Amino acid sequence: MFKPIRLVPDDTKYRFMRLSRPAVYGSVAACILSVVLFAILGLNYGIDFKGGTLIEIRTEQKADIGSLRDKVGALDLGDFEIQEFGEDTDVLIKVEAQSGGEEAQQNAVRKIKDALGEDVTYRREEVVGPKVSGELKQESAIAVLMAVLAVMVYIWFRFEWQFAIGAVASLSHDVILTIGLFSVLGIEFNLSIIAAILTIVGYSLNDTVVVYDRVRENLRKYKKMSLSDLIDMSLNQMLPRTILTSVSTLLALGSLYIFGGEVIRGFTFAMIWGVFIGTYSSIFVAAPVLIYMGARIDQSSGPKVEEDAVEPAAS
C-alpha cells in the first residue's frame, strides 16, 4: 500500500506571527516601490491597450524570422514585433497603431499582405483603434477594482469587518506587486494579463477564506488564547492543504509555461507569480491584519475551551 504524500508534517508548529512585523513592513515597502516604478516606467502595453494591428500567419516551411522582419521593416509602419509561437511555422506579427484612424490600420494590413505574398496562410487579423484601446484600459481597471470591492463585501458579511479589511489588503497587495513586476520586467501587458490578475484575485481569496474560516472556528473554541498564538495554530493546521494546492497548481502552470507557446506565456507567468504571492499574502498580510485590528468573535457564542487546553506553537 502506498502512503499518502505529505509535503508538510501534521505536527508543524511554525511561529509565523513572529515574522509578521518585518513581513508587513517589507510588503508595504514593496507596494510603494511598485507604484513608483509603474509611475516612472509604465507598462509595456500590448495592442489591446495601445491600439495597432496583429496578424497571425503560418508558413509552408520553418518560418524565416529574419526575412519576415526585413519585409515588414521595409514598409515603414513604425514599431513592430515578429515572434514565433507554437509550431516553428506559426508567426505573430504586431504593428503599432497608425495615424489616420481605421482606414490607415486596414491599409497597413494590406501592405503587410502584399509584402509577404501568397506563400503564407493568414490565420488571424485583428485591428484595434486608439479609442477602443482607451476604453479597454478603463474597463479593465474597473473590472479589477470591482472584483476587490465585491470581495470586501462578501468577506464582511461572511466574517467580520476586520476580516474584510485583511482580505482587501491581501488582494490589493497581490495586484499592486503583479503590476510592479510587469513594469520592471517589461513583459507585454494585454487583456490576457488582466484575466490572469482576476484569476490571481480568486486564487488568493480562496486561500485567505480557508485560513480565515479556521481562525474563526478557533476563536470560538479557544477564548483565552492570545490572538497571535491562535493565528499561528490556525495557519499550521491549514499549511498542508495550502502547500499541496500550491504545488499541484504550479505543476500544471509550469507545463503550460514551457510547452504552451509564446501566446499564453505572459498569462502563465502572471499565474505562477500569483500562486507564490497569493500564498505569501494569505499568511503574512491577511493574517497579521487581524492582529492589528483586534479581531474577535462574540465571547458569548460557541464552546469555551481554556487556552492551556492546546499546546502553544513551538519556536
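When you look at VAL91, is it touching a residue at least 40 places away in the same chain (Cβ under 8 Å) and buried (at least 18 other Cβ atoms within 10 Å of the Cβ), yes or no? Taking the combined requirement at face value, the residue does not satisfy it. Applying a threshold of 7 Å to beta carbon distances and a minimum spacing of six or more residues, or different chains, the list of pairs starting in segment 286-302 at a residue that is of a type in the set (A, V, I, L, M, F, W, C) and ending at one that is in a loop (DSSP other than H, G, I, E, B) and modelled with pLDDT of 70 or more reads ALA295/GLU160. Contact annotation: residue pairs with Cβ atoms under 9 Å, 6 or more positions apart or on different chains, pairing a residue in segment 109-128 that is aromatic (Phe, Trp, Tyr) with a partner that is in a strand (DSSP E or B), are TYR122/ILE55; TYR122/GLU56; TYR122/ILE57; TYR122/ARG58. Among the residues making up segment 154-203, those that are under 10 Å from the mean Cα position of the chain (by Cα) and not hydrophobic (A, V, I, L, M, F, W, C) are ASP174, THR178, THR199, GLY202, TYR203.
Quick check, is LEU7 out of contact with any Lys or Arg (no Cβ under 8 Å at 6 or more places or on another chain), modelled with pLDDT of 85 or more and aliphatic (A, V, I, L, M)? It is false that LEU7 is out of contact with any Lys or Arg (no Cβ under 8 Å at 6 or more places or on another chain), modelled with pLDDT of 85 or more and aliphatic (A, V, I, L, M). Of the residues screened, GLU81 is not one that is in contact with a Phe, Trp or Tyr (Cβ under 8 Å, 6 or more places away or on another chain), surrounded by 13 or more Cβ atoms within 10 Å (Cβ to Cβ) and either at pLDDT below 80 or in the same structural domain as ILE194 (by TED's automatic domain parsing) (or both).
Condition check ((1) touching a Ser or Thr at 6+ places or on another chain (Cβ under 6 Å); (2) in a helix (DSSP H, G or I); (3) in the same structural domain as MET293 (by TED's automatic domain parsing)) across all residues:
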residue	(1), (2), (3)
SER20	no, yes, yes
CYS31	no, yes, yes
ILE40	no, yes, yes
ASP70	no, yes, no
ASP76	no, no, no
LEU92	no, no, no
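Checked against (1) buried (at least 18 other Cβ atoms within 10 Å of the Cβ); (2) under 27 Å from ARG18 (Cα atoms), ARG220 passes all but a single condition, namely (1).
The values are calculated or read from the model by the stated rules, or taken from the named source; none is laboratory data. Here the structure is a predicted model, which is why all the values come from computation and not from measurement. So basically every Cβ, Gly included, is an ideal-geometry build from the backbone, and we count neighbours across all protein chains shown.
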